[in-house]
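Any read-out appearing in this document is the output of simple, stated calculations on the displayed coordinates, not a laboratory observation. Small disclaimer: the values here were computed from a predicted structure and weren't measured. Ideal geometry is used to build each Cβ from the backbone, glycine not excepted, and the neighbour counts take in all protein chains shown.
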């Protein structure tokens, strides 16, 4: 292969203004392709493709700086004081989220994100839905997947809850607490409860070990918010129209379920199943990588490489460390760790929170889909915080489109 139009990893990284590690993350997320060098074991990068990506990055930077000045009707770049992702760290209102994950409950983090007291959440009024009604709904949808059940039951519950979202702070918090408990109950097919959420999940899944219950608590807090991801932006867009909180969160759940967002946990679960059956893990990974080089869309390996964390997702790091410490004596933990090492050695990509959640599901022997439930139950607290912030802002989110189609010339 002639290398005249190809760049080495160092050259490509320099053109993009990133580290080589970040370059590998770009490849793992499908943002850039690499090709084998016939004369060495190195990977090469098409110079034209790298230049196009560099121009898009520059366009994005310029757009972010001028968007609020250019557009009067809503903004595509939103100001927020909730979550910051910078320098490999995740901060909730300025506090290190991983420090919180090691000690705080999801309810305590909700209080931080919603800017109220933990006592206010603990003493919120009971969910205003008759127990018999909720039980009948659960029975009717008992055979449905947790997400499908939640997508049906939350709108049904909303019809019986006062629609006073924008009328006052107390009403907001009452609705927020009710929603958090209803979503949890719907996902695990249980009655809404004021019991700590990690204990509700543990009871539903038969987890009795205290350290493992603590691991569930840590996972919930780690998933509480992640800035303007697809589902959170969806929640903010819906909220900006004046829709009730329940409607906004149902929209967030729909966005979260996609295979490129919260649904990634299911893809990781499938990956763990496949690699557990593979006779040769290295050969299996080589086949997956070769398939990607032929143009298959998406990330190279599900659950690895996060563009916001080129040096590794801190959420995954904390969760996998705790899982290592508290895994059952007989569990597939060794397979989970072996796959993570093999992917790291092959691609340089580190595990994401999706991988960690799927690993928790597998190692603790939780029901299929438990990883997604952890993600959704944790993330609803962040959605509520963004809905509160967006309601206070009061503007409709309505970015403009840049038309690139054909048109008639007069």
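Structural remarks
- Label selected from [x] 17.6; [y] 24.0; [z] 20.4, the criterion being mean projected area of the Cα convex hull in nm² as computed here: [y]
- To the nearest ten degrees, helix 370-393 and the longest principal axis of the Cα atoms of the chain are 80 degrees apart.
- Sorted peptide list for 184-194, 385-395, 201-211, criterion being average Cβ within 10 angstrom, highest first: 184-194, 385-395, 201-211
- Helix 333-347 axis, angle to the chain major axis (alpha carbon atoms, nearest 10°): 40 degrees
- Most to least packed among 365-372, 218-225 [average Cβ atoms within 10 Å]: 218-225, 365-372
- Using just its DSSP H runs of length 4 or more, each adding -39500 (n - 2.57), the chain gives a mean residue ellipticity at 222 nm of -18500 deg cm²/dmol after division by all residues.
- Rounded to 10°, Cα long-axis angle of helix 210-222 versus longest principal axis of the chain: 70 degrees
- As a rough guide to protection, the peptides 376-382, 231-237, 133-139 ranked by mean Cβ packing within 10 Å, highest first, stand as 376-382, 231-237, 133-139.
- Averaging Cα coordinates gives a centre for region 347-377 and one for region 245-289; these two points are 9 Å apart.
- Computed from the Cα positions only, the extents of region 327-410 along the three principal axes stand at 72, 36, 22 Å, in decreasing order.
- Sequence-distant contacts, meaning Cα pairs under 8 Å at least 6 residues apart, place the relative contact order of the chain at 23 percent.
- Restricting the calculation to Cα atoms, region 179-235 shows an Rg/Rh of 1.03 when the hydrodynamic-style radius is the Kirkwood one.
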